[in-house]
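First the structure, in the form of structure tokens, and then the observations on it.
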Amino acid sequence: MLDRQLPEAINVVQQISTTHYQAQARVALACYFPSDRLDACDYIRREYEDKNLTLVQTITHLSTLAVEVPALLPEIIKLIEPTQKENSEKDEGEDTKSPRNLAVRTAILVALAPHLPARINREIRRFRRLYAHTPENLDKYTELWNRSLKLLARGYRDALQGGSLRNESAQADDLLNLKDEVNALADLLLMRDLEPPMAVGILGGWGGR
């Protein structure tokens with residue numbers, strides 16, 4: 001799919017009446033159309049502020065998009081932490097380790113799975129499978145929750161400092177002035193009558209292999 005198809009795709013997505021599924025579709029489009037990523041993020045933020053998306057839904061959508069745009073991770077972390085305190089205040093002093101809050105935390109950790117270490121995801125799956133949301137297990141799960149958020153923040157910080165977030169995804173301007181060549185290659189690869197085998201090579205003196 002090419003950028004010129006984006007307006008038509010957005011028009012189709014806007015026909016979806018349920019906000020959650022429309023946001024889900026916007027995220028899917030943004031993963032294929034880098035030029036739509038800022039608009040998709042703004043849409044999700046706006047619908048969350050208007051209370052059309054729950055916290056879990058918002059984090060789920062942003063987490064999916066953060067696979068392509070890791071810079072969203074600090075925003076996700078900020079969404080999580082203040083809301084913990086707000087929820088306990090709104091629920092008249094309800095403990096943040098209550099089964100109700102535990103269910104929300106579980107859904108958030110599942111949404112964050114693409115950004116957490118494999119061992120943490122295994123712990124989350126094991127806990128969900130083996131333990132019920134009973135008081136004697138809440139302390140264990142709270143420890144897992146806190147550890148997961150710390151690892152998420154640390155992983156982003158280390159990646160930022162190490163420069164590994166600077167990937168080849170199209171995030172902004174075409175600094176190499178190769179958009180026409182890229183679109184021509186995409187047109188070729190998307191031809192319906194194109195039959196394999198087909199190979200694409202990037203050759204050159206700088207970084208060439």
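The values are calculated or read from the model by the stated rules, or taken from the named source; none is laboratory data. These numbers come from a predicted model, not from an experiment. Every residue, glycine among them, receives a Cβ derived from its backbone with ideal geometry; neighbour counts consider all protein chains shown.
Restricting to segment 1-54, name every residue that is under 19 Å from residue 75 (Cα atoms) and not in a helix (DSSP H, G or I).
Scanning segment 1-54 gives 50, 51, 52, 53, 54.
For segment 26-39, enumerate the residues that are aliphatic (A, V, I, L, M) and either over 18 Å from residue 50 (Cβ atoms) or surrounded by fewer than 16 Cβ atoms within 10 Å (Cβ to Cβ) (or both).
28, 29, 30, 38
Given the structure, is residue 102 modelled with pLDDT under 90, part of a helix (DSSP H, G or I) and more than 15 Å from the chain's Cα centre (by Cα)?
Yes; evaluated as a whole, the condition is true for this residue.
Which pairs turn up if I take residues in segment 119-140 that are at pLDDT 75 or above and look for partners that are part of a helix (DSSP H, G or I) and of a type in the set (Val, Ile, Thr) with beta carbon separation below 8 Å, at least 6 apart in sequence or on another chain?
Here the result reads 124/106; 124/110; 128/106, each pair linking segment 119-140 to a residue that is part of a helix (DSSP H, G or I) and of a type in the set (Val, Ile, Thr).
Please specify each residue of segment 177-200 satisfying the condition of being among the aliphatic types (A, V, I, L, M) and either in contact with a strand residue (DSSP E or B) (Cβ under 6 Å, 6 or more places away or on another chain) or in a loop (DSSP other than H, G, I, E, B) (or both).
Answer for segment 177-200, where residues must be among the aliphatic types (A, V, I, L, M) and either in contact with a strand residue (DSSP E or B) (Cβ under 6 Å, 6 or more places away or on another chain) or in a loop (DSSP other than H, G, I, E, B) (or both): 178, 190, 191, 194, 198, 199, 200.
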